[in-house]
Amino acid sequence: MKKIITILSTLLLSAAIFAADPAVGLWKSIDDKTGEVTAIWEIYEQNGKLFGTIAATTNQPQDVIATACKESYKNFPVAGAVNKMKTVGTPWIFNMEKESEGNWKNGNIIDPSNGKMYGCVIKYLKKGEKNKKYTATGPTLAMAGTVGPIQVFQYWVPATDDDIKAAQAKNPAKNK
């Protein structure tokens, strides 16, 4: 019996250690003015840092190039000319540092539509949790672009692989 308890304890501890951060996954970015979904994002952890790529766009072809961006940005995680990279698949959120479970800071986000780079803060909210004046109605990512002490939050909701497929079908790549 003691051996079984030891094995179960080890398995539970291992599962807790390797459980993904709640911010990791697929998320729909929501325009705070229109309420429209602007993209489907894949948020992932790599080497202790948090990154985010656009998995699918909702209002432009999937192979659109981020021509509004500069050629390079400080600490950008991918080599090459950023203004020649596709919007989909490029890590526009990068080098986020874990503050606590579900909370990340000190990274950057680039808006590929205009090339502006901001500081970035991400907070995972459970249903009922508050951030500023917003109360989460379900799992939510409070994602803020920051300039100095100013934080402007958007609230992102969970997405699925079907959401990606629907966005890809609605706005297919032009150059297949």
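The values are calculated or read from the model by the stated rules, or taken from the named source; none is laboratory data. Quantities reported herein were computed from a predicted structural model and do not represent experimental measurements. Every residue, glycine among them, receives a Cβ derived from its backbone with ideal geometry; neighbour counts consider all protein chains shown. Ligands, DNA and RNA are stripped out before the accessible areas are found, and what is left, the full protein with its side chains, is counted by its heavy atoms. Shrake-Rupley method; radii C 1.70, N 1.55, O 1.52, S 1.80 Å.
The numbered conditions (1) under 16 Å from the mean Cα position of the chain (by Cα); (2) touching a residue at least 24 places away in the same chain (Cβ under 8 Å); (3) under 24 Å from ASN175 (Cβ atoms) are all true for MET96 except (3).
Restricting to region 33-51, name every residue that is assigned to a loop (DSSP other than H, G, I, E, B) and either within 10 Å of the chain's Cα centre (by Cα) or farther than 15 Å from SER113 by Cβ (or both). Steps first, answer last, please.
First pass over region 33-51, keeping only residues assigned to a loop (DSSP other than H, G, I, E, B): 33-36, 47-48.
GLY35, ASN47, GLY48, listed by residue number.
When the residues of region 73-100 are filtered to those that are in a loop (DSSP other than H, G, I, E, B) and in contact with a Phe, Trp or Tyr (Cβ under 8 Å, 6 or more places away or on another chain), which remaining residue is most open to solvent (accessible area, probe 1.4 Å)? Please lay out each step first, then the result.
Pass one, region 73-100, residues in a loop (DSSP other than H, G, I, E, B): 73-81, 85, 87, 89-90.
Restricting the remaining residues to those that are in contact with a Phe, Trp or Tyr (Cβ under 8 Å, 6 or more places away or on another chain) gives 75-77.
Numbers: ASN75: 98, PHE76: 29, PRO77: 56 Å².
For region 73-100, the residue satisfying everything is ASN75.
In summary, strands (runs of 3 or more DSSP E) completely within region 117-176 and bearing 3 or more residues that are open to solvent by less than 20 Å² (accessible area, probe 1.4 Å), modelled with pLDDT of 95 or more and out of contact with any Cys (no Cβ under 8 Å at 6 or more places or on another chain) occur at 117-125, 140-147. Checking each residue in region 84-116 for being farther than 20 Å from GLN62 by Cβ and hydroxyl-bearing (Ser, Thr, Tyr) picks out only SER100. Against the numbered list (1) open to solvent by less than 20 Å² (accessible area, probe 1.4 Å); (2) assigned to a strand (DSSP E or B); (3) in contact with a helix residue (DSSP H, G or I) (Cβ under 8 Å, 6 or more places away or on another chain), LEU26 comes up short only at (1). As for region 55-66, it holds at least one residue that is assigned to a loop (DSSP other than H, G, I, E, B), closer than 19 Å to LEU141 by Cβ and either open to solvent by 60 Å² or more (accessible area, probe 1.4 Å) or touching a residue at least 60 places away in the same chain (Cβ under 8 Å) (or both).
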